Amino acid sequence: MADRVTVIGWDGSPLTAAARSALGAATLVAGAAHHLALHEVPPAAERIRLGSVDLAARRIAAHRGSAVVLADGDPGFFGVVRTLRAPEYGLEVEVVPAVSSVAAAFARAGMPWDDAQVVVAHSRDLRRAVNVCRAHSKVAVLTSPGAGPAELALLLGPVHRTFVICEELGTAREQVTVLTSDKVADHTWRDPNVVISIGGSQTQSAPGAAGQGGGWIAGRDPAQPPAVRGWALPSYDYGTPELGEGESPQLRAAQLARLGPHVGDLVWDIGTGSGAAAVEAARFGAAVIAVDRDADACGRTAAVARRFGVQLQLVHGTAPQILEDLPEPDVVRVGGGGAPVVAACAARRPERIVAHAPTRDAAEAIGRALADGGYAVECALIQSVELDTSVSSGWAEHERTVAFLLCGHRLPRP
């Protein structure tokens, strides 16, 4: 095992005295090509070009002497420190950090970043980074080859954002470009780069929020209104006199519990109605596409989204035809359209599909569509009774709702 392992962050500025001392004593140095070209690297030291960090960690673990790993920015922030400290290598490391590339990018843009989401984009899971950009108004994306600004913009499609693209931060070739996302794919971008995605509907400021000096937790917008406590809220919380069929709070609670939307997911809400389910899925941090054939329903949903300070993409059209050009969903709520819409959704293979039916015959048709599409089917009869709790009524029954709740769990393909 290496006698000493030092990880040095580099942001383009001169190395600190501690970094120069560790590098001068190194018998093995690992880093990218531009790190290994630094004049402080000892000529006699063994050099490892960083490609696979796991491979470098194995070689460092087998090395006898002092090893140094050079990395861009803060190596403890989505960096090599996590891999080097993995139990299988047994390495204890000292870290000399530098300014992270995310902090540098926001500094170049002159913006605060305690309210930003930060994600790493790889080609294998780029859509998850895109979903975060859909769902949040300020996101920093640490890109990689094949998952850069152009690919981000193409997958965002009609969801327009402003991109601040910071190329080769800390080098003589550093460049910062501001473009709307629909123009980004027309350019070629140099690696490494960081993309700041900004935009979407503005959240509604709470009274006096401007003078509060920011928030108290990173990754949250300090201008957001105070969080509404709870979910599966009643109709008056959405500013509507009543919710549509299949939108009762109790049924909605069960639907959301089965879907389990979270950050990085894309949710389809088909037949969004009042927008209550769509907004609540977005409050969990998921990206949401709300679909309805009724223009008034789309308008109501947009108003509710603004009221709750969440990002939604609204699509006005009739399912299943309108679904063909939508990006791949992770989970789907079918609020209307029955078995034909459920079958069309199953063909896209999301992880979960939830739907409801007013009658057993309709429930059985939806269940067959799910089973034929390769899903395990769960069905329950949900009944709720709302009581008028005023003294004069004597807690009389006010409203009774009954619906079949169906959930499809995707099965592995044979």
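The values are calculated or read from the model by the stated rules, or taken from the named source; none is laboratory data. A quick note: this is a predicted structure, and the numbers were derived from the prediction, not measured. Cβ: placed from backbone, ideal geometry, glycine included. Neighbour counts: every protein chain shown. Protein only, heavy atoms only, side chains kept; ligands, DNA and RNA dropped before computing areas. Shrake-Rupley method; radii C 1.70, N 1.55, O 1.52, S 1.80 Å.
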task: Can you work out the accessible area per residue across the chain, with the rest of the protein chains kept in place, probe 1.4 Å, in square angstrom?
output: 49 Å²
- prompt: How much accessible surface area, in Å² rounded to 10, belongs to the heavy atoms of TRP189 with a 1.4 Å probe?
  reply: 40 Å²
task: Quote the FRET efficiency, to the nearest 0.05, computed for ALA302 versus ARG59 with a Förster distance R0 of 45 Å and r equal to the Cβ-Cβ distance.
output: 0.20
- prompt: Can you work out ³J(HN,Hα) from phi for every residue in region 286-291, in order, using Karplus 6.51 cos²θ - 1.76 cosθ + 1.60 and θ = phi - 60°, giving whole Hz and x for Gly and Pro?
  reply: 7, 7, 10, 10, 9, 10
- request: Calculate how many DSSP beta bridges within the chain are antiparallel, expressed in % of all such bridges and rounded to the nearest 5.
  value: 50 percent
message: If you fit an axis through the alpha-carbon atoms of helix 126-135 and take the longest principal axis of the Cα set of the chain, what angle between them do you get, 0 to 90°, nearest 10?
response: 60 degrees
field: Two-site label geometry, ALA37 and ARG124: point separation in nm, points 7 Å out along Cα→Cβ
entry: 3.0 nm
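Which of rounded, prolate, oblate describes region 332-414, given a ≥ b ≥ c as roots of the alpha-carbon gyration tensor eigenvalues and a/c under 1.5 marking rounded, otherwise prolate only if a/b is larger than b/c? Spell out each step's value before the answer.
Values: a/c = 3.41, a/b = 3.07, b/c = 1.11.
The shape class here is prolate.
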query: Under a 1.4 angstrom probe, counting protein chains only, how are ARG128, ARG349, ARG58 ranked by accessible area, largest first?
result: ARG58, ARG128, ARG349
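Largest first, how would GLU324, GLU364 line up by accessible area (1.4 Å probe)? Present the calculation step by step, with values, prior to reporting the outcome.
Numbers: GLU324 140, GLU364 80 Å².
I get GLU324, GLU364, largest accessible area first.
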- request: Would you please classify the overall shape of the chain from the alpha carbon gyration tensor, given that a ≥ b ≥ c denote the square roots of the eigenvalues, rounded means a/c under 1.5, and beyond that prolate means a/b larger than b/c while oblate covers the rest?
  value: prolate
- prompt: Measuring from label point to label point, each 7 Å out along Cα→Cβ, what is the ILE382 to GLU397 span in nm?
  reply: 2.0 nm
statement: Under the 7 Å Cα-to-Cβ spin-label approximation, SER52 and THR359 lie apart by a distance in nanometres of 6.1 nm
statement: 1/(1 + (r/R0)^6) with r = Cβ-Cβ of ALA185 and ASP372, R0 = 45 Å, i.e. FRET efficiency to nearest 0.05, evaluates to 0.75
